[in-house]
Amino acid sequence: MERKDRTYLLVSQKSPINFMLTSRHTNRKPLLFFDESGDRGVNRALRYAKNQKSPFIDEQDENAILEAIVFVDGVLTVPFNNPVLQEFLHYHPGNKLNGGGTFYEFDPAKEAEENINKLNTEVDALILARTLDIRTMESIARVYLKGNVDNMSSSELKRDILLFAKNNPKEFLEAADDQDLEVNSVASRALEEGYVTFRAGKDLFFNLKDNKKKIMTVKFGNTPEGELASWLHSQEGKEFYQFLSKEFEKEEAL
C-alpha cells in the first residue's frame with residue numbers, strides 16, 4: 001500500500017457522533033478476510049493491535065495491545081505512520097471495497113473523476129433529449145415513464161423527457177439506444193388502447209372486432225407489456241405487429 005494519510009467515511013448519511021468499528025474477530029462477531037493466495041484459499045481472522053506488524057491474528061504474537069477504532073462525526077483519519085491500521089481497514093469486511101456497507105476510503109481524486117463522469121453523462125443525455133423526434137419521445141415515455149402519452153401536449157412530453165434525461169441520465173441513454181424500443185412502445189400502446197386485453201391477471205387476448213382469441217399466458221414474474229413485446233417480435237406475432245403499426249400511423253395522421 002502507498003504510504004500516505006488516509007481518510008475513511010461511514011457509508012450511512014445519518015452518522016452517529018461516535019461510531020466504534022469492530023476491531024477483532026470473535027465467534028460472536030466474526031471478522032474474517034478470505035485470502036486467495038494459497039492453492040485453496042483460507043479465511044484469516046483479523047484483529048487490530050497497535051503494537052503488531054500485521055492485522056492478521058495468525059501473524060501476531062501474544063503481547064497484542066488492542067485499541068478501539070472510532071469514527072468521530074462519521075470520519076476516521078489514519079496517518080501514514082500507522083500502516084497496520086490502514087491495512088486492517090483495507091481488509092475489513094465492513095469496507096465498501098470488500099462488499100461491506102459500513103465505511104469506505106475517501107479518495108478526492110477518484111470522487112472528482114466520478115463526479116465528472118456523472119456530469120458528462122447528464123450533459124450527453126440532455127443534449128440527446130433535445131434532438132429526439134416526437135415519435136421517439138413518445139416511445140420512451142410510453143415504455144419507461146408509463147405516462148398517458150395520448151393526452152399529453154408536445155410541450156408536456158418534451159418536459160418529461162428532459163426531466164427523465166436529467167434525473168436518470170444513464171437509464172435515459174440506454175432507453176434511447178434500446179433496439180426494441182419501437183416494438184415495446186407498440187406493445188404498451190396496444191394494451192393502453194384496448195387492441196389487446198389482459199384478463200384475470202395472467203392472460204392476454206386479442207380485442208379486435210372479429211378476433212377475441214387468447215394470445216398467451218403471461219409467465220409468473222413477467223409483465224404483460226414485456227411478454228406481448230416479445231411475442232410481437234417473434235415470427236408468430238409479426239403480422240399483428242405490422243397491423244398495429246399501421247393502425248397507430250393512421251391515428252397519428254388524424
Report summary line: Most exposed to least, judged by fewest other Cβ atoms within 10 Å, 208, 128, 10 sort to 208, 128, 10
Query raised in the report: When we measure straight from the Cα of residue 110, which aspartates and glutamates land under 12 angstrom away, once same-chain ones fewer than 8 places off are left out?
Result: none
Report summary line: Here, trypsin sites (Lys or Arg not before Pro) of the range 200-244 satisfying both criteria (DSSP loop; at most 12 other Cβ within 10 Å) are 202, 209, 212, 213, 219
Requested in this report: With springs connecting C-alpha atoms under 10 Å apart, model the chain as a Gaussian network and identify which of 141, 200, 112 has the largest mean-square fluctuation.
Outcome: 200
Report summary line: In the range 6-106, taking the dipole from +1 charges on Lys and Arg beta carbons and -1 charges on Asp and Glu beta carbons about the Cα centre, the listed residue (83, 34, 8) farthest towards the positive end is 8
Query raised in the report: If you place +1 on the Cβ of every Lys and Arg and -1 on the Cβ of every Asp and Glu, how big does the dipole about the Cα centre of the chain come out, in debye to the nearest 20?
Result: 800 debye
Report summary line: Of 133, 39, 107, the most mobile residue in a GNM of the chain (C-alpha springs, cutoff 10 Å) is 39
Requested in this report: Starting from the amide H of residue 106, placed 1.01 Å from N in the peptide plane, find each other amide H under 5 Å away whose residue is 5 or more places distant or on another chain.
Outcome: 7, 8, 9
Report task. Please give the helix 108-131 orientation as an angle from the longest Cα principal axis of the chain, in degrees from 0 to 90, rounded to the nearest 10. Result -> 10 degrees
Requested in this report: Please give the net charge around residue 42, taking every other residue with its beta carbon less than 12 angstrom from that of residue 42, where Lys and Arg add +1 and Asp and Glu add -1.
Outcome: -2
Report task. Please tell me the relative contact order of the chain in percent, rounded to the nearest whole number, where contacts are Cα pairs under 8 Å and at least six residues apart. Result -> 13 percent
Query raised in the report: Given charges of +1 on the Cβ of Lys and Arg and -1 on the Cβ of Asp and Glu, with all other atoms neutral, how large is the dipole of the range 97-237 about its Cα centre, in debye to the nearest 20?
Result: 780 debye
**Report entry** Environment charge at residue 112 (Cβ cut-off 15 Å; Lys +1, Arg +1, Asp -1, Glu -1)
**Finding:** -3
Report summary line: Sorting 191, 204, 230 by the position of each Cα along the dipole of the range 179-246 (Lys, Arg +1; Asp, Glu -1; all at Cβ), the one nearest the positive end of that ordering is 204
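Taken together, the values in this text are just the output of simple stated rules run on the coordinates, not laboratory data. Note that the coordinates shown come from a computational prediction; the quantities given were computed from them, not determined experimentally. Cβ: placed from backbone, ideal geometry, glycine included. Neighbour counts: every protein chain shown.
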